[in-house]
Amino acid sequence: MRDKAHNNARKSLRECAVYADRVGVPLCVENQPIDDRDIRHTTTVADLASAVSIDGTDASLDVTVDIGHANVNGHEYQEFVEKFGDQIRVCHLHDNDGTSDQHEPLRDYDEFMTAIPADYFVFEMTSLADIGVSVGRPDVTVPECEL
């Protein structure tokens, strides 16, 4: 059953890629963190390469590199840059201690923005205050607003 589900997911991804290509929207696949409960198919460079390889169509999939996920999985982000290079459209920036996907502040983000050829860099944390810490502005607060 898992093989059938995986094949169906790849088929759906292929169909999405064809449509995205037709309308001119990049479609990215992200490296995922290892999870004890769920089977993840993009935790390694090789697995991600297999996921973005779409046979039988001219459409293409791009890549989102999540540096925190790479760290949790025991990979250096440079491995993803070497393999995917200009195929990287988005980079998720956050930190962790290597044991779980904690989405902690990332103080040395400049290194990644220089080394990764992404079009977009996204701080992926749990609060605005964590983003403030990342950019050297721990005084940043969330403005009050009404919904």
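Identify the single condition in (1) outside any loop (DSSP other than H, G, I, E, B); (2) under 19 Å from the mean Cα position of the chain (by Cα) that GLU15 does not satisfy, given that it satisfies every other one.
(2)
Cβ-Cβ under 8 Å, sequence separation 6+ or interchain: first residue in segment 1-14 and among the aliphatic types (A, V, I, L, M), partner surrounded by 12 or more Cβ atoms within 10 Å (Cβ to Cβ). Which pairs?
ALA9/HIS41; LEU13/VAL29; LEU13/ALA51; LEU13/ILE54; LEU13/LEU61
Looking at the structure I just gave you, is ASP97 in a loop (DSSP other than H, G, I, E, B), modelled with pLDDT under 90, surrounded by fewer than 17 Cβ atoms within 10 Å (Cβ to Cβ) and acidic (Asp, Glu)? Steps first, please.
Numbers: in a loop (DSSP other than H, G, I, E, B): yes; modelled with pLDDT under 90: no; surrounded by fewer than 17 Cβ atoms within 10 Å (Cβ to Cβ): yes; acidic (Asp, Glu): yes.
The answer is no for ASP97.
Can you give me the number of residues within segment 18-60 that are among the acidic types (Asp, Glu), closer than 16 Å to GLN87 by Cβ and in a loop (DSSP other than H, G, I, E, B)? Step through it out loud before you land on a result.
Looking only at segment 18-60, we keep the residues that are among the acidic types (Asp, Glu), and these are 21, 30, 35-36, 38, 47, 55, 58.
So of that shortlist, the ones also closer than 16 Å to GLN87 by Cβ come out as 21, 30, 47, 58.
Then keep just the ones that are in a loop (DSSP other than H, G, I, E, B); that gives 58.
Matching residues across segment 18-60 total 1.
What number goes with the only condition from (1) modelled with pLDDT under 95; (2) out of contact with any helix residue (DSSP H, G or I) (no Cβ under 9 Å at 6 or more places or on another chain) that ILE39 does not pass?
(2) is the only condition that ILE39 fails.
Answer yes or no: is there a residue in segment 36-52 that is touching a Cys at 6+ places or on another chain (Cβ under 6 Å), surrounded by 15 or more Cβ atoms within 10 Å (Cβ to Cβ) and either on the phi > 0 side of the Ramachandran plot or not basic (Lys, Arg) (or both). Walk me through how you get there before you give the answer.
Of all residues in segment 36-52, those touching a Cys at 6+ places or on another chain (Cβ under 6 Å) come to none.
No, that holds for no residue.
The values are calculated or read from the model by the stated rules, or taken from the named source; none is laboratory data. Source: prediction; values computed, not measured. All Cβ positions, even for glycine, are placed from backbone atoms using ideal geometry, and neighbour counts span all protein chains on display.
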